[in-house]
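Here's the structure we're looking at; comments come further down.
The values are calculated or read from the model by the stated rules, or taken from the named source; none is laboratory data. Note that the structure is a prediction, hence the values are computed from the model and not measured. Heads up, the Cβs are rebuilt from the backbone with ideal geometry, glycines too, and the neighbour counts pull from every protein chain shown.
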Amino acid sequence: MSAQTPIERVQLLAMDIETTGLDPQAHSIVSIGLMPLTLERIHCNHSLYWVLKPTSELNDKSVTFHHITHAEISNAPTFSQISEQLLAAMAGKVMVVHYRNIERGFLDQALRKSLGEGIEFPVIDTMQLEARVYRKKLSWFARIMGRKPESIRLSDSRERLNLPAYQAHHALTDALGTAELLQAQIANRYSRTTPVGELWD
Amino acid sequence: MQIELQEISDHLSRFAPFDTLSKESVDNIARHVEVSYFKAGTDILEAGSSIQDLHYVRSGAVEIYRRNGELHDRLVEGDIFGQAGLLRSNKVRFPARALEDSLIYFIPADVFAELCAHHDSFADFVEAEGHSRLKSAVEAQGRASELIQLKCRAIISRSLVWVNANASVSDAAKKMTEQSVSCVLVMSTADLQTAQIEGIVTDRDLRTRLVAEGKNADETRISEIITAAPVTISANDSVFEAMLMMLRRNIHHLPVLHQGRPIGLINLSDIIRYESQSSLYLVNRISNQTSVEGLRILLQDLRGTYIRMVRDGATAHMIGSAISGIGRAFTQRILELAEKKLGPPPVPYCFMVLGSMARDEQLLVTDQDNALILDDAFNPELHDAYFRSLATFVSDGLAACGYSYCKGAIMATNDQWRQPLRVWRNYFESWIEKPNPTTLLHSCIFFDLDGVYGQLEYVRELQNLCATKARAHPSFLNAMARIALNRTPPLGFFRTFVVETDGQQKRIINLKGRGTAPLTDLIRIHALACGSNAQNSFDRLDAIAASNLVPPKAIKHLRYTLEFLSIVRIRHQVEALEQGATPNNYIEPRSFSNSERHNLKEAFQVLSNAQNFLRFRYPAKGRV
């Protein structure tokens, strides 16, 4: 995939991973949602979603947080069992995530454990695209006036672009939400022919 | 594992036509949905391009255009579009553009086709592009009632009793006694297969036309005392229609015809046996009251009848006819009581009703609109004291029975509206020839007119005068059209729906003032233009259709729209009655389901289109 390819010709895959915590070394993946898209359409009929048996103990707090029950988890596959299917779905596509450090870190860690090697993959980070607009240094005037920086969380970013509110922290819903956010960001701030390389750095 | 797109299926299942589908069906749709974001101002569908999906507005707002670029509709969250193209040519029929930043769900053609094939309610909804959706809503009402389903032939309780026209009255009377019937049919010859109906004779006719006249029963032929050419009904007509016919003409016997030949008679009691709470039964009780006080007590029964008819699924057309029939019965009975009190009238007269009662479209919340047409022999000095007392008695009596006084004083108590026929003729002629703002308002009220008591031919003459004269005066019709265009449907209400979310101001629609009233106004104008003397709006639409003045499709839409807006008004009144509140004509669309709101919006769209046509058909020329 060349960095020069216009975004309208790129096959994309929005991904969201829900975890038991923030540290890829200490915590593990609870669920993965994948939503393939192009600039034109988001394809729900090819979406994928797994609840995984976590390697670390799932505490009650994260159970309620992710709307996943212990019963669901006890019947769930392990990451190793789905890793091939996951990699097949990712093949040839550019990932789209909101806050890449989570997805990158956890995927890398999980693949290292199950396949013995990690991966590097190109990622468009919709949070980073928001940061480009809303994380410019505030002027001294704004700081004096006590202005708070805009939130660049998924739900707040969506709201700014007039996307509807979704129930957060379900991996597939968040993947869908991220896919819609990317379409909205490009429609409002870039063009169909923007090279993908301008978006993924 | 089965993937669930909870956000999508939850949303779909809240909106028509998905709200009637099972959870499994909606989940299946959600799994096949495709999604796209459209920035405000961008095209979603371009005219003539191919279309592969049903489009669903998840958020934002979308404008639909006609091919000539005119705005056709404005859609919001939960609305669908593109079905017209999908069902027909797979080409976009109406281009669409995002008015606000919008998220659109696409439901693929194969999923759509499967839904249409397996779910009738879904198919009805989407196939009913625009107005036929209204049609299905209208047709759903009217199915339930027993009286509507029941055919006249089913309630004929005995074989036909008839005599030859040459028979003597005494032969006929013997036959009636033998068969113990109160009514006999008189046929032209002895062979029933080829005979024509000559007339009908009832017990009452024997009394009034034979005995009271001092005639000899053996020497008088039955044909001398018949009511010739009686009103008949077809065997396949519903009992409800028979009931309306009896109500309307105040008759108690109806010959039933099958393929043109009489097969029996039905009478009032046949129907009352089926329907003890029917409006006919009420009319019968009205006729038996001997005081206004007695009539006043029947007001409660009137409400009961109303509620029952609505629950039974009667159509607005039927309800309007029945309630008007009851109103007539009240008026007739009060006039009889007035004559009893004041003595016989010094000159003949006709008591005329105007507005909704004349159109047979009366509902519960209503004023009295009436007038007196007196014989041309009327001499004010000699006779007016009598007619003023008569008018006052009737007006007070009607007010006591719930028909409140007319705020515009359109009542026979007003000297101006208690005049001999020749004055009325002059009124009507000058209103048509030289309209001014005041007389135009009169025309809107008085040109729906019907006689309820006395010399009905006076009113028929005035009806015919309107029908023949108005069409010859285009400037009158044009001026009437301007009046009819003063009241517009509340489309802005829906148009601004998107922008004015959660406004705190009261959001209500006057269903009469901005719905049924402007609609009947414009129907009246077309009816006058085609020289019809029909008064009922549905009958007028038939006449307009026959004259090709308005395209047949538009007529159909108007019919459904009138029926729909009226039935919504009626149901709303019934809800108020059931909650012990005072019925009115104001509705709050927020309390409506989505598909009801869709229908309401479509109905107002039809009205708006019809007003545009009226504007174009009867153009403004100068000032009136």
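Quick notes on this one:
- Residue in the range B:7-16 that is out of contact with any Asp or Glu (no Cβ under 9 Å at 6 or more places or on another chain), within 14 Å of chain A (Cβ to nearest Cβ) and in a strand (DSSP E or B) present: no
- Test: residue in the range B:63-70 that is farther than 23 Å from A:L39 by Cα, outside any loop (DSSP other than H, G, I, E, B) and away from chain A (no Cβ under 14 Å): yes
- Residue within the range B:550-568 that is modelled with pLDDT of 85 or more and more than 20 Å from the chain's Cα centre (by Cα) present: yes
- Within the range B:54-80, residues that are outside the structural domain of B:D101 (by TED's automatic domain parsing) have Cβ atoms under 6 Å from residues that are surrounded by fewer than 20 Cβ atoms within 10 Å (Cβ to Cβ) and in a loop (DSSP other than H, G, I, E, B) in no pair, counting only partners at least 6 apart in sequence or on another chain.
- Selection within the range B:25-55 - over 24 Å from B:R67 (Cβ atoms), aliphatic (A, V, I, L, M) and within 11 Å of another protein chain (Cβ to nearest Cβ): B:I29, B:A30, B:V33, B:V35
- Residues that are more than 13 Å from every other protein chain (Cβ to nearest Cβ) and under 14 Å from A:V96 (Cβ atoms) within the range A:17-51 comprise just one, A:I17.
- Filter pass, B:L372 being assigned to a strand (DSSP E or B), in contact (Cβ under 8 Å) with a residue 12 or more places away in the chain and over 23 Å from the mean Cα position of the chain (by Cα): yes
- Some residue of the range B:491-511 being modelled with pLDDT of 85 or more, of a type in the set (A, V, I, L, M, F, W, C) and within 16 Å of B:Q611 (Cβ to Cβ): no
- Single unsatisfied condition, B:S537 versus (1) buried (at least 23 other Cβ atoms within 10 Å of the Cβ); (2) under 22 Å from B:L440 (Cβ atoms); (3) modelled with pLDDT under 90: (3)
- Tabulated pairs, the range B:84-104, first at positive phi and away from chain A (no Cβ under 14 Å), second surrounded by fewer than 18 Cβ atoms within 10 Å (Cβ to Cβ) and polar (S, T, N, Q), C-beta under 8 angstrom, 6+ apart or interchain: B:N90/B:S50; B:N90/B:Q52
- Within the range B:581-601, residues that are within 23 Å of B:P17 (Cα to Cα) reach partners that are surrounded by fewer than 16 Cβ atoms within 10 Å (Cβ to Cβ) and among the basic types (K, R) with beta carbons closer than 9 Å, at six or more positions or on different chains, in the pairs B:E588/B:K506; B:E588/B:R507; B:P589/B:R507; B:R590/B:R507; B:N594/B:R14; B:R597/B:R590.
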